[in-house]
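Structure first, then comments.
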Amino acid sequence: MKRNGLLLLLGLACMGARAQHRLPANYSWQRLENGLEVVVIENHRVPLATIEIAVKNGAYTEGPEYSGLSHLFEHMFFKANKDYPDQEKFIRRTEELGAIWNGTTDVERVNYFFTFAKDSLEAGLRFMNAAMRYPIYRAEDMTKERPVVDGEFQRAESDPGFQLWHESQKRLWGELVTRKNPIGEHDVINTATPEKMMIIKDKYYHPNNSLLIIAGDVTPNEAFRLARNVWGDWAHSGFNPLEKYPIPPFQPLAKTDYFIKQSSIAQTPYMMLSWQGPSFADDSANTVVADVFSAVLRLNASKWKQALVDKGLAPYADMGYSTCHYTGPIAITVVPTPTKLEECYRAMMDQIAHFGDEDYISEELLQTAKEVIRRNEIRSKEKPSSLPMQLSYQWASTSLEYYTDYEANLMRVTRADLRNYVKRYITGKPFVAGLILNEEMAKTARPETFFKN
(Lines give C-alpha, C1' and ligand atoms only; values in the text may rest on other atoms or scores of the structure.)
Protein backbone atom coordinates (compact mmCIF):
# COMPACT_ATOMS: atom_id res chain seq x y z
CA MET A 1 0.00 0.00 0.00
CA LYS A 2 1.13 3.58 -0.55
CA ARG A 3 1.16 5.86 2.45
CA ASN A 4 3.10 9.11 2.95
CA GLY A 5 5.21 8.19 -0.08
CA LEU A 6 6.39 5.04 1.67
CA LEU A 7 5.79 1.71 -0.04
CA LEU A 8 5.21 -0.76 2.75
CA LEU A 9 5.24 -4.53 2.67
CA LEU A 10 3.83 -4.84 6.17
CA GLY A 11 1.58 -7.82 6.79
CA LEU A 12 -1.68 -7.81 8.63
CA ALA A 13 -1.54 -8.13 12.40
CA CYS A 14 -3.95 -11.07 12.39
CA MET A 15 -3.11 -13.72 9.82
CA GLY A 16 -6.26 -15.77 10.34
CA ALA A 17 -6.15 -18.92 8.28
CA ARG A 18 -3.04 -17.92 6.33
CA ALA A 19 -0.99 -21.03 5.50
CA GLN A 20 2.44 -19.46 5.99
CA HIS A 21 4.22 -16.27 7.03
CA ARG A 22 6.87 -14.37 5.12
CA LEU A 23 10.08 -14.81 7.11
CA PRO A 24 13.86 -14.58 6.51
CA ALA A 25 15.47 -17.46 4.66
CA ASN A 26 16.65 -19.40 7.74
CA TYR A 27 13.34 -19.00 9.64
CA SER A 28 10.49 -21.54 9.52
CA TRP A 29 6.98 -21.22 10.97
CA GLN A 30 4.19 -23.62 11.90
CA ARG A 31 0.99 -23.32 13.87
CA LEU A 32 0.17 -26.39 15.94
CA GLU A 33 -3.37 -27.71 16.14
CA ASN A 34 -3.83 -26.07 19.55
CA GLY A 35 -3.00 -22.62 18.14
CA LEU A 36 0.58 -22.41 19.39
CA GLU A 37 2.80 -20.68 16.85
CA VAL A 38 6.30 -22.14 16.54
CA VAL A 39 9.23 -20.49 14.77
CA VAL A 40 12.52 -22.28 14.18
CA ILE A 41 15.59 -20.14 13.49
CA GLU A 42 18.37 -22.26 12.03
CA ASN A 43 21.85 -20.94 12.82
CA HIS A 44 24.77 -23.37 13.12
CA ARG A 45 27.40 -20.85 14.19
CA VAL A 46 27.79 -22.36 17.68
CA PRO A 47 26.54 -25.72 19.08
CA LEU A 48 23.90 -24.08 21.27
CA ALA A 49 20.12 -23.85 21.24
CA THR A 50 17.90 -21.12 22.64
CA ILE A 51 14.23 -21.65 23.35
CA GLU A 52 11.82 -18.85 24.15
CA ILE A 53 8.14 -18.77 24.99
CA ALA A 54 6.45 -15.39 24.56
CA VAL A 55 2.94 -14.38 25.61
CA LYS A 56 0.77 -11.43 24.62
CA ASN A 57 0.61 -10.16 28.17
CA GLY A 58 2.24 -7.28 30.02
CA ALA A 59 1.32 -3.83 31.22
CA TYR A 60 -1.32 -3.30 28.52
CA THR A 61 -3.46 -6.07 30.03
CA GLU A 62 -3.37 -4.55 33.54
CA GLY A 63 -6.01 -2.37 35.15
CA PRO A 64 -5.05 -0.56 38.38
CA GLU A 65 -5.75 -3.60 40.58
CA TYR A 66 -3.21 -5.71 38.64
CA SER A 67 -0.51 -3.10 37.95
CA GLY A 68 2.88 -4.82 37.96
CA LEU A 69 1.55 -8.34 38.43
CA SER A 70 2.55 -9.51 34.94
CA HIS A 71 6.10 -8.69 36.06
CA LEU A 72 5.65 -10.59 39.33
CA PHE A 73 4.16 -13.50 37.35
CA GLU A 74 7.32 -13.52 35.22
CA HIS A 75 9.43 -13.88 38.37
CA MET A 76 7.23 -16.70 39.66
CA PHE A 77 7.79 -18.63 36.42
CA PHE A 78 11.23 -19.61 37.75
CA LYS A 79 9.87 -21.03 41.04
CA ALA A 80 7.95 -24.22 41.77
CA ASN A 81 5.95 -26.30 39.27
CA LYS A 82 4.53 -29.80 38.95
CA ASP A 83 7.83 -31.40 37.92
CA TYR A 84 10.08 -29.31 40.19
CA PRO A 85 8.01 -28.61 43.33
CA ASP A 86 10.39 -26.08 44.90
CA GLN A 87 12.86 -23.52 43.58
CA GLU A 88 15.88 -25.47 44.77
CA LYS A 89 14.94 -28.36 42.46
CA PHE A 90 14.19 -25.88 39.65
CA ILE A 91 17.62 -24.26 39.97
CA ARG A 92 19.33 -27.63 40.23
CA ARG A 93 17.73 -28.69 36.95
CA THR A 94 18.96 -25.53 35.18
CA GLU A 95 22.46 -26.42 36.37
CA GLU A 96 22.11 -29.97 35.06
CA LEU A 97 21.08 -28.56 31.68
CA GLY A 98 23.89 -26.00 31.78
CA ALA A 99 21.22 -23.40 31.02
CA ILE A 100 21.47 -19.64 30.96
CA TRP A 101 17.96 -18.32 31.61
CA ASN A 102 15.92 -15.20 32.18
CA GLY A 103 12.64 -13.47 31.41
CA THR A 104 11.39 -9.97 30.69
CA THR A 105 8.12 -8.09 31.04
CA ASP A 106 7.32 -5.26 28.65
CA VAL A 107 4.24 -3.26 27.75
CA GLU A 108 2.87 -5.79 25.25
CA ARG A 109 4.90 -8.96 25.77
CA VAL A 110 6.18 -11.27 28.51
CA ASN A 111 8.88 -13.75 27.51
CA TYR A 112 11.02 -16.50 29.05
CA PHE A 113 14.15 -18.00 27.52
CA PHE A 114 16.79 -20.68 28.10
CA THR A 115 20.09 -21.25 26.27
CA PHE A 116 21.94 -24.58 26.55
CA ALA A 117 23.90 -27.14 24.55
CA LYS A 118 21.98 -28.29 21.48
CA ASP A 119 21.87 -31.88 22.79
CA SER A 120 19.63 -30.68 25.63
CA LEU A 121 16.92 -29.35 23.32
CA GLU A 122 14.23 -31.92 24.12
CA ALA A 123 15.00 -31.82 27.84
CA GLY A 124 14.93 -28.04 27.75
CA LEU A 125 11.57 -27.96 25.99
CA ARG A 126 10.11 -30.29 28.61
CA PHE A 127 11.60 -28.19 31.40
CA MET A 128 10.07 -25.00 30.01
CA ASN A 129 6.77 -26.76 29.35
CA ALA A 130 6.44 -27.69 33.05
CA ALA A 131 7.09 -24.11 34.17
CA MET A 132 4.70 -22.65 31.62
CA ARG A 133 1.74 -25.00 32.04
CA TYR A 134 1.96 -26.33 35.57
CA PRO A 135 3.17 -23.61 37.95
CA ILE A 136 2.65 -23.88 41.70
CA TYR A 137 2.18 -20.51 43.36
CA ARG A 138 3.29 -21.21 46.90
CA ALA A 139 2.59 -18.50 49.47
CA GLU A 140 6.13 -18.75 50.84
CA ASP A 141 7.62 -18.23 47.37
CA MET A 142 5.46 -15.15 46.83
CA THR A 143 6.46 -13.79 50.20
CA LYS A 144 10.10 -13.99 49.09
CA GLU A 145 9.58 -12.69 45.57
CA ARG A 146 7.31 -9.69 46.19
CA PRO A 147 10.11 -7.61 47.79
CA VAL A 148 12.46 -8.61 44.96
CA VAL A 149 10.08 -7.20 42.34
CA ASP A 150 9.29 -4.16 44.44
CA GLY A 151 13.01 -3.68 44.99
CA GLU A 152 13.46 -3.26 41.23
CA PHE A 153 10.88 -0.49 41.41
CA GLN A 154 12.63 1.17 44.34
CA ARG A 155 16.00 1.06 42.58
CA ALA A 156 14.43 2.70 39.55
CA GLU A 157 13.02 5.44 41.75
CA SER A 158 16.55 6.35 42.84
CA ASP A 159 17.14 7.62 39.30
CA PRO A 160 15.82 11.16 38.65
CA GLY A 161 15.33 10.25 35.00
CA PHE A 162 12.94 7.48 36.02
CA GLN A 163 11.07 9.81 38.36
CA LEU A 164 10.59 12.23 35.48
CA TRP A 165 9.50 9.47 33.12
CA HIS A 166 7.08 8.01 35.67
CA GLU A 167 5.31 11.33 36.24
CA SER A 168 5.24 12.03 32.49
CA GLN A 169 3.57 8.66 31.87
CA LYS A 170 0.82 9.44 34.37
CA ARG A 171 0.00 12.65 32.54
CA LEU A 172 0.39 11.21 29.04
CA TRP A 173 -1.93 8.23 29.53
CA GLY A 174 -4.27 9.42 32.28
CA GLU A 175 -6.53 6.75 33.75
CA LEU A 176 -4.90 4.08 31.58
CA VAL A 177 -1.35 4.71 32.79
CA THR A 178 -1.08 1.24 34.36
CA ARG A 179 -1.43 -0.21 30.86
CA LYS A 180 1.83 1.49 29.83
CA ASN A 181 3.85 0.89 33.01
CA PRO A 182 5.26 -2.67 33.34
CA ILE A 183 6.98 -1.98 36.67
CA GLY A 184 3.64 -1.53 38.45
CA GLU A 185 2.65 0.05 41.75
CA HIS A 186 4.11 -0.70 45.19
CA ASP A 187 0.85 -1.53 46.98
CA VAL A 188 -0.36 -3.89 44.27
CA ILE A 189 2.96 -5.75 44.12
CA ASN A 190 3.28 -6.06 47.89
CA THR A 191 -0.25 -7.43 48.38
CA ALA A 192 -0.29 -9.88 45.46
CA THR A 193 -1.72 -13.32 46.12
CA PRO A 194 -1.47 -16.75 44.46
CA GLU A 195 -5.12 -16.30 43.44
CA LYS A 196 -4.22 -13.22 41.38
CA MET A 197 -1.40 -15.15 39.71
CA MET A 198 -3.92 -17.78 38.64
CA ILE A 199 -6.21 -15.11 37.21
CA ILE A 200 -3.39 -13.88 34.96
CA LYS A 201 -2.56 -17.44 33.92
CA ASP A 202 -6.18 -18.31 33.14
CA LYS A 203 -6.64 -15.15 31.07
CA TYR A 204 -3.49 -15.07 28.95
CA TYR A 205 -1.31 -18.17 29.29
CA HIS A 206 -2.73 -20.28 26.49
CA PRO A 207 -1.14 -21.79 23.37
CA ASN A 208 -3.27 -19.66 21.06
CA ASN A 209 -1.84 -16.52 22.75
CA SER A 210 1.79 -17.68 22.74
CA LEU A 211 4.81 -18.06 20.48
CA LEU A 212 7.49 -20.74 20.91
CA ILE A 213 10.84 -20.00 19.26
CA ILE A 214 13.62 -22.57 18.87
CA ALA A 215 16.85 -21.03 17.63
CA GLY A 216 20.46 -22.00 17.08
CA ASP A 217 22.16 -25.24 16.01
CA VAL A 218 18.91 -27.01 15.19
CA THR A 219 17.09 -28.36 12.13
CA PRO A 220 13.50 -27.32 11.43
CA ASN A 221 12.02 -30.80 10.98
CA GLU A 222 13.43 -32.10 14.25
CA ALA A 223 12.62 -28.90 16.15
CA PHE A 224 9.00 -28.90 14.96
CA ARG A 225 8.68 -32.59 15.82
CA LEU A 226 9.89 -32.00 19.36
CA ALA A 227 7.68 -28.93 19.75
CA ARG A 228 4.63 -30.92 18.73
CA ASN A 229 5.51 -33.87 20.98
CA VAL A 230 6.10 -31.72 24.05
CA TRP A 231 3.64 -28.86 23.59
CA GLY A 232 0.98 -30.34 21.32
CA ASP A 233 -1.34 -31.49 24.13
CA TRP A 234 -1.56 -28.02 25.71
CA ALA A 235 -5.27 -27.25 25.36
CA HIS A 236 -6.53 -24.32 23.29
CA SER A 237 -8.34 -21.79 25.49
CA GLY A 238 -11.45 -21.74 23.32
CA PHE A 239 -11.29 -17.93 23.07
CA ASN A 240 -9.02 -15.14 21.90
CA PRO A 241 -7.76 -13.48 25.12
CA LEU A 242 -7.36 -10.04 23.55
CA GLU A 243 -10.92 -10.21 22.24
CA LYS A 244 -12.42 -11.55 25.46
CA TYR A 245 -10.43 -9.02 27.52
CA PRO A 246 -10.03 -6.12 25.05
CA ILE A 247 -7.44 -3.40 25.56
CA PRO A 248 -9.30 -0.10 26.10
CA PRO A 249 -8.39 2.61 23.58
CA PHE A 250 -5.90 5.22 24.77
CA GLN A 251 -7.58 8.60 24.72
CA PRO A 252 -5.80 11.37 22.79
CA LEU A 253 -4.04 13.90 25.00
CA ALA A 254 -6.46 16.80 25.35
CA LYS A 255 -3.97 19.61 25.99
CA THR A 256 -0.33 20.39 26.62
CA ASP A 257 0.67 19.80 30.23
CA TYR A 258 3.77 21.23 31.95
CA PHE A 259 5.09 20.20 35.36
CA ILE A 260 8.20 20.89 37.45
CA LYS A 261 9.36 18.31 39.98
CA GLN A 262 11.96 18.90 42.69
CA SER A 263 14.09 16.03 43.94
CA SER A 264 17.17 16.01 46.16
CA ILE A 265 18.72 13.25 44.05
CA ALA A 266 18.60 15.33 40.84
CA GLN A 267 22.22 16.48 40.77
CA THR A 268 21.68 17.68 37.22
CA PRO A 269 18.40 18.79 35.61
CA TYR A 270 16.48 16.60 33.17
CA MET A 271 13.81 17.73 30.71
CA MET A 272 11.38 15.37 28.97
CA LEU A 273 8.75 16.08 26.33
CA SER A 274 6.31 13.28 25.44
CA TRP A 275 3.74 12.86 22.68
CA GLN A 276 1.35 10.09 21.75
CA GLY A 277 2.77 8.64 18.55
CA PRO A 278 1.70 6.13 15.90
CA SER A 279 0.42 2.64 16.62
CA PHE A 280 0.96 -0.43 14.49
CA ALA A 281 -2.77 -1.11 14.55
CA ASP A 282 -3.71 2.22 12.99
CA ASP A 283 -0.61 3.60 11.25
CA SER A 284 2.04 0.94 10.67
CA ALA A 285 3.86 3.06 8.08
CA ASN A 286 4.70 5.82 10.53
CA THR A 287 6.09 3.41 13.12
CA VAL A 288 9.01 2.92 10.72
CA VAL A 289 9.22 6.64 9.88
CA ALA A 290 9.34 7.45 13.61
CA ASP A 291 12.42 5.27 14.02
CA VAL A 292 14.16 6.99 11.12
CA PHE A 293 13.31 10.50 12.36
CA SER A 294 14.74 9.70 15.79
CA ALA A 295 17.88 8.26 14.19
CA VAL A 296 18.39 11.46 12.18
CA LEU A 297 18.23 13.62 15.30
CA ARG A 298 20.79 11.40 17.05
CA LEU A 299 23.41 12.13 14.38
CA ASN A 300 26.08 14.58 15.50
CA ALA A 301 25.63 16.51 12.25
CA SER A 302 21.89 17.08 12.80
CA LYS A 303 20.59 20.59 13.42
CA TRP A 304 19.17 19.29 16.70
CA LYS A 305 22.56 18.20 18.04
CA GLN A 306 24.31 21.29 16.68
CA ALA A 307 21.83 23.62 18.38
CA LEU A 308 21.91 21.91 21.77
CA VAL A 309 25.07 19.83 22.23
CA ASP A 310 27.58 21.62 20.02
CA LYS A 311 26.68 24.99 21.56
CA GLY A 312 27.17 23.67 25.08
CA LEU A 313 23.53 23.96 26.12
CA ALA A 314 23.17 20.25 26.86
CA PRO A 315 25.63 17.35 27.09
CA TYR A 316 22.80 14.97 26.15
CA ALA A 317 19.84 15.47 23.82
CA ASP A 318 17.94 12.42 22.55
CA MET A 319 14.69 11.50 20.85
CA GLY A 320 13.06 8.09 20.74
CA TYR A 321 9.90 6.24 19.79
CA SER A 322 8.64 2.88 21.12
CA THR A 323 6.86 0.69 18.58
CA CYS A 324 3.57 -0.54 20.04
CA HIS A 325 0.45 -2.21 18.72
CA TYR A 326 -1.52 0.35 20.71
CA THR A 327 -0.27 4.00 20.57
CA GLY A 328 3.49 4.17 20.92
CA PRO A 329 5.04 7.06 22.88
CA ILE A 330 7.44 9.62 21.41
CA ALA A 331 9.86 11.16 23.90
CA ILE A 332 12.55 13.82 23.86
CA THR A 333 15.01 13.68 26.75
CA VAL A 334 17.48 16.51 27.31
CA VAL A 335 20.01 16.99 30.11
CA PRO A 336 20.60 20.75 30.13
CA THR A 337 23.77 22.43 31.29
CA PRO A 338 22.60 23.59 34.75
CA THR A 339 23.73 27.19 34.26
CA LYS A 340 22.03 27.41 30.85
CA LEU A 341 18.67 25.88 31.67
CA GLU A 342 16.44 28.56 30.17
CA GLU A 343 18.62 29.02 27.11
CA CYS A 344 18.59 25.27 26.53
CA TYR A 345 14.82 25.06 26.90
CA ARG A 346 14.22 27.88 24.42
CA ALA A 347 16.66 26.42 21.89
CA MET A 348 14.98 23.02 22.24
CA MET A 349 11.52 24.47 21.61
CA ASP A 350 12.81 26.44 18.64
CA GLN A 351 14.21 23.26 17.10
CA ILE A 352 10.94 21.41 17.63
CA ALA A 353 9.06 24.23 15.92
CA HIS A 354 11.24 23.67 12.82
CA PHE A 355 11.14 19.86 12.73
CA GLY A 356 8.69 19.93 9.82
CA ASP A 357 10.54 22.52 7.72
CA GLU A 358 11.43 21.57 4.17
CA ASP A 359 15.15 22.00 4.78
CA TYR A 360 15.40 20.76 8.38
CA ILE A 361 16.74 17.35 7.31
CA SER A 362 19.01 16.99 4.29
CA GLU A 363 18.98 13.99 1.96
CA GLU A 364 22.52 13.18 3.07
CA LEU A 365 21.53 13.05 6.75
CA LEU A 366 18.52 10.90 5.94
CA GLN A 367 20.64 8.36 4.08
CA THR A 368 23.22 8.32 6.87
CA ALA A 369 20.53 7.68 9.50
CA LYS A 370 19.06 4.81 7.50
CA GLU A 371 22.50 3.23 7.13
CA VAL A 372 23.07 3.54 10.89
CA ILE A 373 19.81 1.70 11.61
CA ARG A 374 20.59 -0.91 8.97
CA ARG A 375 24.04 -1.59 10.42
CA ASN A 376 22.58 -1.83 13.93
CA GLU A 377 19.99 -4.29 12.68
CA ILE A 378 22.72 -6.44 11.12
CA ARG A 379 24.83 -6.28 14.28
CA SER A 380 21.87 -7.22 16.48
CA LYS A 381 21.42 -10.44 14.51
CA GLU A 382 25.02 -11.63 14.92
CA LYS A 383 24.27 -13.43 18.21
CA PRO A 384 21.91 -16.39 17.61
CA SER A 385 20.64 -16.44 21.21
CA SER A 386 19.32 -12.86 20.88
CA LEU A 387 17.24 -13.55 17.77
CA PRO A 388 14.19 -15.03 19.55
CA MET A 389 13.70 -11.95 21.74
CA GLN A 390 13.86 -9.63 18.73
CA LEU A 391 11.34 -11.70 16.81
CA SER A 392 8.90 -12.18 19.69
CA TYR A 393 8.74 -8.43 20.37
CA GLN A 394 7.52 -7.84 16.82
CA TRP A 395 5.18 -10.86 16.92
CA ALA A 396 3.46 -9.37 19.97
CA SER A 397 3.35 -5.71 18.91
CA THR A 398 3.43 -5.76 15.11
CA SER A 399 3.67 -8.90 12.94
CA LEU A 400 6.18 -11.43 11.69
CA GLU A 401 6.08 -9.73 8.28
CA TYR A 402 6.94 -6.40 9.91
CA TYR A 403 10.06 -8.05 11.35
CA THR A 404 11.01 -9.53 7.99
CA ASP A 405 10.45 -6.36 5.96
CA TYR A 406 11.72 -3.79 8.46
CA GLU A 407 15.07 -3.10 6.82
CA ALA A 408 13.58 -2.83 3.32
CA ASN A 409 10.86 -0.47 4.56
CA LEU A 410 13.17 1.85 6.46
CA MET A 411 15.33 2.23 3.33
CA ARG A 412 12.23 3.51 1.49
CA VAL A 413 11.57 6.37 3.93
CA THR A 414 11.74 9.81 2.27
CA ARG A 415 12.16 13.33 3.57
CA ALA A 416 8.49 13.92 2.74
CA ASP A 417 7.59 10.97 4.98
CA LEU A 418 9.54 12.58 7.83
CA ARG A 419 7.75 15.91 7.41
CA ASN A 420 4.35 14.24 7.27
CA TYR A 421 5.14 12.26 10.42
CA VAL A 422 6.17 15.41 12.29
CA LYS A 423 3.04 17.26 11.22
CA ARG A 424 0.78 14.38 12.18
CA TYR A 425 2.25 13.60 15.59
CA ILE A 426 4.49 16.43 16.87
CA THR A 427 4.15 19.94 15.48
CA GLY A 428 1.21 21.73 17.07
CA LYS A 429 0.11 18.57 18.90
CA PRO A 430 -0.48 18.41 22.68
CA PHE A 431 2.43 17.09 24.71
CA VAL A 432 3.58 16.55 28.28
CA ALA A 433 6.62 18.60 29.32
CA GLY A 434 8.43 17.70 32.54
CA LEU A 435 11.45 19.10 34.32
CA ILE A 436 13.19 17.62 37.36
CA LEU A 437 15.88 19.44 39.37
CA ASN A 438 16.96 19.95 42.95
CA GLU A 439 15.91 22.78 45.24
CA GLU A 440 19.12 24.76 44.86
CA MET A 441 18.97 24.71 41.05
CA ALA A 442 15.28 25.64 41.19
CA LYS A 443 16.06 28.74 43.26
CA THR A 444 18.82 29.81 40.88
CA ALA A 445 17.17 29.07 37.53
CA ARG A 446 13.55 29.91 38.50
CA PRO A 447 12.13 27.54 35.86
CA GLU A 448 8.55 28.47 36.73
CA THR A 449 9.13 31.74 34.87
CA PHE A 450 9.76 30.08 31.49
CA PHE A 451 9.00 26.34 31.66
CA LYS A 452 5.28 26.67 31.17
CA ASN A 453 2.56 26.69 28.57
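Tell me the net charge near Asn181. Cut-off is 9 Å between Cβ atoms, Asn181 excluded, with +1 for each Lys or Arg and -1 for each Asp or Glu.
It works out to a net charge of +1.
In degrees from 0 to 90, rounded to the nearest 10, what is the angle of the helix 341-353 Cα long axis to the longest principal axis of the chain?
Orientation of helix 341-353: about 80 degrees from the principal axis.
Relative to the longest principal Cα axis of the chain, at what angle does helix 139-157 sit, 0 to 90 degrees, rounded to 10?
Helix 139-157 and the main axis of the chain meet at about 20 degrees.
Which value, in debye to the nearest 20, gives the size of the charge dipole of the chain about its Cα centre, when Lys and Arg are +1 and Asp and Glu are -1 at the Cβ?
Details: 53 positive and 57 negative charges, 137 e Å.
About 660 debye.
With the crude spin-label approximation of a point 7 Å out along Cα→Cβ, what separation in nm comes out for Gln267 versus Thr427?
Between Gln267 and Thr427, the simple spin-label model gives 4.0 nm.
For the stretch 71-87, in order, what is each residue's ³J(HN,Hα) by Karplus, 6.51 cos²θ - 1.76 cosθ + 1.60 with θ = phi - 60°, in whole Hz (x at glycine and Pro)?
Each residue of the stretch 71-87 in turn: 5, 5, 4, 4, 5, 6, 4, 9, 10, 7, 8, 4, 7, 10, x, 8, 5 Hz.
Of the options Phe90, Val177, Gly232, report the single residue whose Cα projects farthest towards the positive end of the charge dipole of the stretch 27-244 (beta-carbon charges: Lys, Arg +1; Asp, Glu -1).
About the Cα centre, the residue reaching furthest to the positive side is Gly232.
Could you work out what % of the accessible surface of the stretch 257-449 is carbon and sulfur, using a 1.4 angstrom probe and leaving DNA, RNA and ligands out of the count? The partial results should precede the final answer.
Values: 3690 of 7720 Å².
Answer for the stretch 257-449: carbon and sulfur cover 48 percent of the accessible area.
Roughly how far apart, in whole Å, are the Cα centres of the stretch 120-192 and the stretch 261-303?
So the two Cα centres are separated by 25 Å.
So what's the back-of-envelope 222 nm ellipticity for the chain, counting only DSSP H runs of four-plus at -39500 (n - 2.57) apiece and dividing by all residues, rounded to 500? Provide the component values of the computation, followed by the final result.
On the way: 17 runs with 193 residues, N = 453.
Dividing the helical sum by the residues of the chain leaves -13000 deg cm²/dmol.
Which cross-chain or sequence-distant (5 or more) residues have an amide H under 5 Å from the amide H of Ala301, H modelled 1.01 Å from N in plane?
Counting only residues 5 or more places away or on other chains, the set is empty.
Using the Cα gyration tensor of the stretch 17-138, with a ≥ b ≥ c the square roots of its eigenvalues, what is the shape: rounded (a/c below 1.5), prolate (a/b larger than b/c) or oblate (neither)?
Oblate, because a/c is 1.5 or more while a/b does not exceed b/c.
What's the ranking of 213-220, 434-441, 246-253 by average number of surrounding C-beta atoms within 10 Å, highest first?
Result, highest mean first: 213-220, 434-441, 246-253.
What per residue convex hull volume, in Å³, do the alpha-carbon atoms of the stretch 27-244 yield?
Convex hull of Cα atoms, per residue: 134 Å³.
Against the longest principal axis of the chain, how steep is helix 387-397, in degrees 0 to 90 to the nearest 10, with axes from Cα atoms?
Between the helix axis and the principal axis of the chain, the angle is about 70 degrees.
Taking the highest mean first, how do the peptides 366-372, 392-398 order by number of other beta carbon atoms within 10 angstrom per residue? List each step's numbers first, then the result.
Values: 366-372: 16.9, 392-398: 23.1.
Packing order, densest peptide first, comes out as 392-398, 366-372.
Leaving out ligands, DNA and RNA but keeping every protein chain, what accessible area does Met128 have, in Å² rounded to the nearest 10, with a 1.4 Å probe?
My reading of the accessible area for Met128 is about 0 Å².
With +1 on each Lys and Arg Cβ and -1 on each Asp and Glu Cβ, how big is the dipole of the stretch 71-169 about its Cα centre, in debye rounded to the nearest 20?
The dipole magnitude comes to about 440 debye.
Cross-link partners among lysines for Lys196, C-alpha distance below 22 Å, same-chain residues fewer than 8 apart left out?
Candidates past the 8-residue exclusion: Lys56, Lys79, Lys82, Lys144, Lys180, Lys244.
The values are calculated or read from the model by the stated rules, or taken from the named source; none is laboratory data. These numbers were taken from a predicted model, which means no experiment stands behind them. When we count neighbours, we look across all protein chains shown, and the Cβ atoms used for this are built from the backbone with ideal geometry, even at glycine. Protein only, heavy atoms only, side chains kept; ligands, DNA and RNA dropped before computing areas. Shrake-Rupley method; radii C 1.70, N 1.55, O 1.52, S 1.80 Å.
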